[in-house]
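Student: Sharing a structure here in structure tokens format.
The values are calculated or read from the model by the stated rules, or taken from the named source; none is laboratory data. Note that the structure is predicted; figures quoted are calculated from it, not measured. Every residue, glycine among them, receives a Cβ derived from its backbone with ideal geometry; neighbour counts consider all protein chains shown. Note: accessible area is taken over every heavy atom of the protein model, side chains too, but ligands, DNA and RNA are not part of it. Shrake-Rupley method; radii C 1.70, N 1.55, O 1.52, S 1.80 Å.
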Amino acid sequence: MVAAAVTIGAVAACEPRDNTGLNAIGVAVTTDRVSTRALEKGGIDVRWMTCNADVKGKHTSGPSQDAKASVHCRGETKDDRTIKVSGTVTYERKNVCVRGDLTAKVDGHQVFQANVIGDCNARKTAHPKPSRNTTHPWDRRTTAGSAK
């Protein structure tokens, strides 16, 4: 499992981004996560899902309005029904939302069609900055073999 995570990280680091910030791995992972959450909110128990994406578009000096990713996801519900999510993504915010035109089907029946999945208006969460009172593990002093 750790090797797989390292491999994905290495591949993501080498993958080119276009000027919109779209990259195939980011779009695939975020679409997987937000689609799974949307399906589960709709009462569909997802056993597993996996997505692939292919980014195409013009690479210009400013943000490209023509960049989009073609996304195809497949999966299975806990009661063994087939899940398919497909469409195009024009904007992705890591693990939070995707915009574009996406359709989800369970056993061939459409369960949603959406232009936005997730909350693209959610505030970005900043990592807390250390304060003067913050302690770190290396700040703690220990004494080996001290008598009680």
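Student: Within the range 112-128, does at least one residue satisfy the condition of being touching a Gly at 6+ places or on another chain (Cβ under 9 Å), outside any strand (DSSP E or B) and at pLDDT 90 or above?
Tutor: no
Student: Continuing with the same structure: If a residue must be open to solvent by less than 80 Å² (accessible area, probe 1.4 Å) and without any contact (Cβ under 8 Å) to a residue 40 or more places away in the chain, how many such residues does the range 67-98 contain?
Tutor: Step one: of the range 67-98, the residues open to solvent by less than 80 Å² (accessible area, probe 1.4 Å) are 67, 69-71, 73, 75-77, 82-83, 85-90, 92-93, 95-98.
Now drop any that are not without any contact (Cβ under 8 Å) to a residue 40 or more places away in the chain, which leaves 70, 75-77, 82, 86-88.
Matching residues across the range 67-98 total 8.
Student: Continuing with this model, one more query. Please find, among Asp18, Asp101, the residue that is of a type outside the set (Val, Ile, Thr), surrounded by fewer than 20 Cβ atoms within 10 Å (Cβ to Cβ) and modelled with pLDDT of 90 or more.
Tutor: Details: Asp18 fails: modelled with pLDDT of 90 or more.
From the options Asp18, Asp101, the qualifying one is Asp101.
Student: Can you go through Asp66, Asp80, Asp32 and tell me which one is at pLDDT 95 or above and in a loop (DSSP other than H, G, I, E, B)? Explain how you work it out, then say what you get.
Tutor: Working: Asp66 fails: at pLDDT 95 or above; Asp32 fails: in a loop (DSSP other than H, G, I, E, B).
One residue alone meets the criteria, Asp80.
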